[in-house]
Amino acid sequence: MSDSGIETFRGSPYASTARECGQNSADAFKEKPVEIDFDHIEISASELPALDQYKRTVSLCLKKAEVLNDTKAIEFFTHAQKVLGRERIQILEISDLNTKGLVGPSEEGKPFHSLLKGSGVSVKESDTAGGSFGIGKNAVFAISELQTVFYSTIYQDPVSKTKTFLAQGKSIFISHQDEKNDPKRSVGYWGRDNFKPVSDAGSIPGWLNREEVGTSIYAVGFKVSKDWHHRMAASLLTNFFSAILSEDMKFSLNNGEILINSETIMDLFNDHKIVKAAEESNKLEALEFSKSLLECLTSEKTIEKILNINGLGKISIRILIRDKLEKRIAIIRNGMMITDGLGNFGDRFARFSLYSDFVALVEPLDEAGKSMIRKLENPSHNELSSERITDDEQRLTANKVMKNLARQIREAIKEETLTKPEDEVELDELSEFFADSDDSDKLPDPEAETNPETYSYSPPRKPKKKSQVVPVPVEAEGEEGGAGGKNDSEGGGGDGQGEGTGEGTGGKGNKRFALPVGLEEFRNLLVSGSGFHKRRIFFTPDETCTATVRISASGIAYSDDLVVVKSEKGNIENGGFTIDLQAGEREKIDVEFAEQYEGPIEIMAVKHQEEVQYENN
């Protein structure tokens, strides 16, 4: 059995109930602080009004579910029968003080009627009001195993100025037929004839009564969890930290076991039971974010800016800069958390590269701004969108105004938190800790350029290495000896092994030359778990050839060769390795040295050329 309004809150019923009830009570405040109690009570099953009729209705709905073969509905009504068959029934009572109550009578246009019978309507005293008895009124049904809620209220009649009492119950089931096969709707009410509320406090069970102006809500068949009050406390702290701190709201849970007010709020954010409950309900990140925002509200280091936005009026933005903060912003209205982004207006505030760690709190100060934010809120009060405005002109205006707000929020944060680079300084004494680079202007290779060290630095700019144009001799083999000599030398020919100290001339032979291969974007890193024996090297050759690669330890005045004993690619040869290279193809190779070495390294590759004839004159 699924009701769209209830299903919205099924995933987090405790947190949603706390948030929605808190919001509606805050909206109906008469004086501050608004006080809200969340208490678990028990009643005898016989104290539930019209119990027998209630049981019959559940049985009729079960039969309808079986005919429809609706598995979910069958499970719900089967369980409801068990709950109603118990001697004791669990109830969550939510009651407020210092509010105006649900003003009646029960007729269209009045808050009492809007809450119990309105569908898609919004009744509130001002455009800045938080609660409007929209979809949020269904949250409390999600924590009832019977999807049944009773309401009782005392309000002051605006005409007679006398205190007036009203009470009524509501169940959300499925449409069905009664014993006479007459069709019945899915929503049922307890009260007087013609769906009217009870106005005589003396004719109802004692648990439904109240004595002061305000409202009480009762979730009948309360789903009792051992940590229900801690889950609700986490939600209240997360969503109303600003209103609590300013003493606009205070809460009591489980008959005073948890008291949330301006004096206890700091400690409760660190209460291990509340933290654990938030973690188990996947709400820990939200709780920790609100804790950071609370610090933003209270810290002497917080920077406050006042933005003047055409169409919104004055907007306060508070910015706290500190290591390990979330780099997030939050928009609040009437002390309640609304959203952490303006994605529908071009900025989700998700990327703050090169910004210092911070949190920022944005709040409209004028009625115009509060009214605009309220109009843009979705039913769950956690996102803003101009698409909720039906009038085309107003929608376009709102979109323009909110895009301007997003832009100015981003600019204000940028002014205070964007990291400004200092002058570059070469720190040669730190070079041994960092992997070197041939070209610091190049972007890192996506496969491997993340250095495992945690240092953050700007390497000194090096000139780009260029291939040598002068051939380097690798070895020479004489074929015809040099002719003539001085002093002890006797000229000779043939095998080229003449003796003497003189200078011979006229020798002929073949010589093999090697040319350096240009290697671009060289990077290297230590291979974890190998001590300092292994390196992972990266480079991109600028030509296709077979080359010998040699690695050396980089020094200030000179470099020492490192003997490579193993290579992931190619063949080991005289302390280096020979490998086939392809121009522009990135190479990633693990190599192992004969000895441990942890400092910077250099790399050189040479290719062998054809033998060429030479002749000395």
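Kindly establish whether residue 352 is crowded, with 21+ Cβ neighbours inside 10 Å and not β-branched (Val, Ile, Thr).
no
When you scan region 6-15, do you find a residue that is part of a helix (DSSP H, G or I), hydroxyl-bearing (Ser, Thr, Tyr) and out of contact with any helix residue (DSSP H, G or I) (no Cβ under 6 Å at 6 or more places or on another chain), even just one? First the steps, then the outcome.
Step one: list which residues in region 6-15 are part of a helix (DSSP H, G or I), which gives 6-7, 13-15.
Next, only the ones that are hydroxyl-bearing (Ser, Thr, Tyr) stay: 14.
Next, only the ones that are out of contact with any helix residue (DSSP H, G or I) (no Cβ under 6 Å at 6 or more places or on another chain) stay: none.
Within region 6-15, none of the residues are part of a helix (DSSP H, G or I), hydroxyl-bearing (Ser, Thr, Tyr) and out of contact with any helix residue (DSSP H, G or I) (no Cβ under 6 Å at 6 or more places or on another chain).
Can you pull out the residues in region 547-605 that are hydroxyl-bearing (Ser, Thr, Tyr) and touching a Gly at 6+ places or on another chain (Cβ under 6 Å)?
548, 578
Could you list all residues from region 232-261 that are touching a Pro at 6+ places or on another chain (Cβ under 7 Å), not aliphatic (A, V, I, L, M) and not in a loop (DSSP other than H, G, I, E, B)?
Step one: filter region 232-261 for residues touching a Pro at 6+ places or on another chain (Cβ under 7 Å), giving 247-250.
Checking the rest, the ones that are also not aliphatic (A, V, I, L, M) come to 247-248, 250.
Answer for region 232-261, where residues must be touching a Pro at 6+ places or on another chain (Cβ under 7 Å), not aliphatic (A, V, I, L, M) and not in a loop (DSSP other than H, G, I, E, B): just 250.
Of the numbered conditions (1) in contact with a helix residue (DSSP H, G or I) (Cβ under 6 Å, 6 or more places away or on another chain); (2) at pLDDT 90 or above; (3) surrounded by fewer than 19 Cβ atoms within 10 Å (Cβ to Cβ), residue 39 satisfies every one except a single condition; which is it?
Single failed check for residue 39: (1).
Can you tell me how many residues within region 205-225 are closer than 18 Å to residue 31 by Cβ and surrounded by fewer than 18 Cβ atoms within 10 Å (Cβ to Cβ)? Before you say what the answer is, go through the steps one by one.
First, pick out the residues of region 205-225 that are closer than 18 Å to residue 31 by Cβ: 210-215.
If we keep only those that are surrounded by fewer than 18 Cβ atoms within 10 Å (Cβ to Cβ) too, we end up with 211-212.
So the answer is 2.
Go through region 331-383 and give me each residue that's within 24 Å of residue 418 (Cα to Cα) and among the acidic types (Asp, Glu).
340, 347, 357, 363
Would you check if residue 350 is under 15 Å from the mean Cα position of the chain (by Cα), closer than 24 Å to residue 27 by Cα and not assigned by TED's automatic domain parsing to the domain that holds residue 236? Walk me through how you get there before you give the answer.
Numbers: under 15 Å from the mean Cα position of the chain (by Cα): yes; closer than 24 Å to residue 27 by Cα: no; not assigned by TED's automatic domain parsing to the domain that holds residue 236: yes.
In short, no.
Mind counting the residues in region 154-179 that are of a type in the set (Asp, Glu), surrounded by 11 or more Cβ atoms within 10 Å (Cβ to Cβ) and under 25 Å from residue 66 (Cβ atoms)?
The qualifying residues number 1.
Only one of 157, 227, 182 is within 40 Å of the chain's Cα centre (by Cα) and not hydroxyl-bearing (Ser, Thr, Tyr); which?
Exactly one residue qualifies, and that residue is 227.
Residue-wise test of (1) surrounded by 15 or more Cβ atoms within 10 Å (Cβ to Cβ); (2) more than 17 Å from residue 398 (Cβ to Cβ); (3) without any contact (Cβ under 8 Å) to a residue 40 or more places away in the chain.
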residue: 280; (1), (2), (3): no, yes, no
residue: 290; (1), (2), (3): yes, yes, no
residue: 303; (1), (2), (3): yes, yes, no
residue: 320; (1), (2), (3): yes, yes, no
residue: 324; (1), (2), (3): no, yes, yes
residue: 328; (1), (2), (3): yes, yes, yes
residue: 382; (1), (2), (3): no, yes, no
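Here's the yes/no breakdown for (1) among the small types (Gly, Ala, Ser); (2) more than 25 Å from the chain's Cα centre (by Cα); (3) under 18 Å from residue 237 (Cβ atoms):
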| residue | (1), (2), (3) |
| --- | --- |
| 294 | no, no, yes |
| 297 | no, no, yes |
| 303 | no, no, no |
| 309 | no, yes, no |
| 312 | no, yes, no |
| 316 | yes, no, no |
| 322 | no, no, no |
| 328 | no, no, yes |
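Taking the condition part of a loop (DSSP other than H, G, I, E, B), at pLDDT 95 or above and either within 23 Å of residue 248 (Cα to Cα) or hydroxyl-bearing (Ser, Thr, Tyr) (or both), does residue 300 pass?
It is true that residue 300 is part of a loop (DSSP other than H, G, I, E, B), at pLDDT 95 or above and either within 23 Å of residue 248 (Cα to Cα) or hydroxyl-bearing (Ser, Thr, Tyr) (or both).
Tally the residues that are part of a loop (DSSP other than H, G, I, E, B), touching a residue at least 24 places away in the same chain (Cβ under 8 Å) and out of contact with any His (no Cβ under 8 Å at 6 or more places or on another chain), restricting the search to region 189-231.
Total meeting the criteria: 14.
Testing residue 583 on (1) part of a loop (DSSP other than H, G, I, E, B); (2) under 45 Å from the mean Cα position of the chain (by Cα); (3) surrounded by 13 or more Cβ atoms within 10 Å (Cβ to Cβ), one condition comes back false. Which one is that?
(3)
Of all residues in region 31-60 being assigned to a loop (DSSP other than H, G, I, E, B) and not aliphatic (A, V, I, L, M), which is nearest to the chain's Cα centre (by Cα)?
Start the filter on region 31-60 by keeping residues that are assigned to a loop (DSSP other than H, G, I, E, B), which leaves 31-33, 48-50.
Checking the rest, the ones that are also not aliphatic (A, V, I, L, M) come to 31-33, 49.
Numbers: 31: 36, 32: 34, 33: 32, 49: 46 Å.
Only one residue fits best here, namely 33.
Scan region 141-150 for residues that are part of a strand (DSSP E or B) and either polar (S, T, N, Q) or surrounded by 21 or more Cβ atoms within 10 Å (Cβ to Cβ) (or both) and jot them down.
144, 146, 147, 148, 149, 150
Considering only residues that are surrounded by fewer than 20 Cβ atoms within 10 Å (Cβ to Cβ) and among the acidic types (Asp, Glu), look in region 95-120 and name the one that is nearest to the chain's Cα centre (by Cα).
108
Restricting attention to region 166-188, which residues are more than 16 Å from residue 153 (Cα to Cα) and either in a strand (DSSP E or B) or small (Gly, Ala, Ser) (or both)?
Matches in region 166-188: 171, 172, 175, 176, 177, 183, 184, 186, 187, 188.
Of all the residues that make up region 564-576, how many are closer than 17 Å to residue 532 by Cβ and exposed (fewer than 15 other Cβ atoms within 10 Å of the Cβ)?
2
The values are calculated or read from the model by the stated rules, or taken from the named source; none is laboratory data. Worth saying up front: this structure is predicted, and the values here are computed from it rather than measured. All Cβ positions, glycine included, derive from the backbone under ideal geometry; neighbour counts span all protein chains shown.
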